[in-house]
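Only one structure is covered here, and it is reproduced in the block below.
The values are calculated or read from the model by the stated rules, or taken from the named source; none is laboratory data. What you see is a predicted model, and the numbers here were worked out from it, not measured in a lab. Virtual Cβ from ideal backbone geometry, glycine too; neighbours counted across all protein chains shown. For accessibility, only protein heavy atoms count, side chains too; no ligands or nucleic acids. Shrake-Rupley method; radii C 1.70, N 1.55, O 1.52, S 1.80 Å.
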Amino acid sequence: NNLALKLHHAGARILGTSAESIDTAEDRKKWSALLDTLEIDQPKWEHVTDAALAGDIVERLGGYPVLVRPSYVLSGAAMTVAHEPHELQDILARAKAVSLEHPVVVSKFETHAREVEIDAVADHGEIILHAISEHVENAGVHSGDATLVLPPQNLYIDTIRRIKQIAQKLARALQIT
């Protein structure tokens, strides 16, 4: 995913989803703007470009806990939950570089939340196959370490419908193939 836009600009032919759509899904500002346009809820978030300002950002987000991750990451890689100021500073210190070029995203972490995932195959923005899975643990356990149930056992039918609707909106907007 990180190479798609560079390859596209170098003239390589990208099969499937366009490099621009991949970039939109990866770049937090573009992704957030897309969610706003499509009227899809998202947690409050801000970029951290100076670790010294992280405390003020957490306060604007509504306090701890917060989810910390690189800006340009599609999966759950490198995501960490900070529950207090020292923990946040330790996480930011471990980041390769917190700067204007490499910002870190700090999002409000919703406690007592359940994670649900949808994996789908789409053709030119139309979902043709999907699977919804539900995390057994509360939110905050990375999906690579989490226990998931397929099909979901504790979701309301309306929740499942909403997940499908959101996935379809995103697939169409990004022309996922």
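Classify the chain: rounded, prolate or oblate, from the alpha-carbon gyration tensor (a ≥ b ≥ c, eigenvalue square roots; a/c under 1.5 rounded; otherwise prolate if a/b is larger than b/c)? Since a/c reaches 1.5 but b/c is at least a/b, the shape of the chain is classed as oblate.
Counting only protein heavy atoms and a probe of 1.4 Å, the accessible surface of the chain is 54% carbon and sulfur. Among 116, 85, 14, whose Cα lies farthest out toward the positive end of the dipole of the chain, if unit charges sit on the beta carbon of Lys, Arg (+1) and Asp, Glu (-1)? It is 14.
Helical runs assigned H by DSSP (4 residues or longer) give the chain a calculated mean residue ellipticity at 222 nm of -10000 deg cm²/dmol, each run adding -39500 (n - 2.57) before division by the residue total. Is segment 1-64 rounded, prolate or oblate when judged by the Cα gyration tensor, a ≥ b ≥ c being the square roots of its eigenvalues, rounded requiring a/c under 1.5 and prolate requiring a/b larger than b/c? The shape class here is oblate.
Peptides 58-64, 103-109, 154-160 ranked from most to least packed, by the mean per-residue count of other Cβ atoms within 10 Å: 103-109, 58-64, 154-160. What the chain shows is 62 Å² of accessible area per residue, with the surface traced by a 1.4 Å probe over protein heavy atoms.
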